[in-house]
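S.K.: Okay, handing you the structure first.
The values are calculated or read from the model by the stated rules, or taken from the named source; none is laboratory data. It should be emphasised that the depicted structure is a prediction, and the values quoted were computed from it without experimental measurement. Here the Cβ is made from the backbone with ideal geometry for all residues, glycine too, and neighbour counts use every protein chain on show.
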Amino acid sequence: MDGGFGMVYRVGIITASDKGYAGVREDLSGPAIANILAKSNVFRVDKSTILPDDKEMLAAMMRKMADEDHLDLILTTGGTGFSRRDVTPEATLEVIERRAPGIPEAMRSLSLQITPRAMLSRAEAGIRGNTLIVNMPGSPKAIRETLEYILPSVKHGLDILQGNDAECARP
């Protein structure tokens with residue numbers, strides 16, 4: 001993608017949900033992310049999938065989206081709690097090359113103003129190559145509360161990561 005005006009970042013959404021993957025429950029968190037991004041002229045969802053809460057499958061899909069599909073941003077939803085099946089943060093840490101702890105810290109900080117249970121989130125974020133991966137909450141309500149809050153900073157981070165930031169382009 002070229003820099004400048006009209007830059008659109010390609011996004012992948014991974015929903016971690018055993019019941020959603022098995023088709024016994026409609027998972028609404030992935031569509032909630034897609035709906036928020038659809039309001040933006042900066043982000044375009046190119047790929048969306050539902051997987052079971054399986055660390056190897058989640059990590060493999062993150063690698064594929066980053067390395068083969070060359071997506072700029074991967075947003076995961078679900079699997080960041082305390083259940084034994086909640087393994088999205090572990091899959092993310094296995095895949096990323098550099099952590100970006102400020103993003104989940106900001107989400108938790110905002111969410112703590114709404115509910116003290118936000119401290120139970122184990123979400124991670126980090127960079128793999130030129131792809132930013134962010135673990136989002138698993139509920140549509142929490143996604144709405146946090147995604148719009150982080151998107152401007154995520155966009156700026158992607159601008160820097162992709163070399164599309166005017167400050168980065170200076171010699």
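S.K.: Mind checking whether some residue in the stretch 26-44 is at pLDDT below 95 and polar (S, T, N, Q)?
M.R.: Looking through the stretch 26-44, at least one residue is at pLDDT below 95 and polar (S, T, N, Q).
S.K.: What are the residues in the stretch 111-164 that are basic (Lys, Arg) and either farther than 29 Å from HIS70 by Cβ or surrounded by fewer than 13 Cβ atoms within 10 Å (Cβ to Cβ) (or both), if any? Quick ask: steps written out before the conclusion?
M.R.: Taking the stretch 111-164 and keeping what is basic (Lys, Arg), we get 117, 122, 128, 141, 144, 155.
Answer for the stretch 111-164, where residues must be basic (Lys, Arg) and either farther than 29 Å from HIS70 by Cβ or surrounded by fewer than 13 Cβ atoms within 10 Å (Cβ to Cβ) (or both): ARG117, LYS141.
S.K.: With of a type in the set (A, V, I, L, M) and under 13 Å from LEU147 (Cβ atoms) as the only criterion, which of ILE114, ILE96, ILE36, ILE133 stands out? Step through it out loud before you land on a result.
M.R.: On the way: ILE114 fails: under 13 Å from LEU147 (Cβ atoms); ILE96 fails: under 13 Å from LEU147 (Cβ atoms); ILE133 fails: under 13 Å from LEU147 (Cβ atoms).
Every option except ILE36 fails the conditions.
S.K.: Those residues that are under 16 Å from LYS19 (Cβ atoms) and surrounded by fewer than 24 Cβ atoms within 10 Å (Cβ to Cβ), I need them from the stretch 50-79; list them, please.
M.R.: Keep residues of the stretch 50-79 that are under 16 Å from LYS19 (Cβ atoms), which gives 50-54, 57-58, 77-79.
If the condition is that a residue be under 16 Å from LYS19 (Cβ atoms) and surrounded by fewer than 24 Cβ atoms within 10 Å (Cβ to Cβ), then ILE50, LEU51, PRO52, ASP53, ASP54, MET57 are the ones that fit.
S.K.: Output the number of the condition that PHE43 fails; it satisfies all remaining conditions of (1) aromatic (Phe, Trp, Tyr); (2) under 14 Å from the mean Cα position of the chain (by Cα); (3) surrounded by fewer than 21 Cβ atoms within 10 Å (Cβ to Cβ).
M.R.: Unmet for PHE43, out of (1) aromatic (Phe, Trp, Tyr); (2) under 14 Å from the mean Cα position of the chain (by Cα); (3) surrounded by fewer than 21 Cβ atoms within 10 Å (Cβ to Cβ): (3).
S.K.: I'd like the full set of residues that are assigned to a loop (DSSP other than H, G, I, E, B), within 16 Å of ALA34 (Cβ to Cβ) and polar (S, T, N, Q), limited to the stretch 108-148. Step through it out loud before you land on a result.
M.R.: Of the stretch 108-148, the ones assigned to a loop (DSSP other than H, G, I, E, B) are 113-115, 121-124, 129-130, 137-139.
Keeping just the survivors that are within 16 Å of ALA34 (Cβ to Cβ) gives 137-139.
SER139, the sole residue that qualifies.
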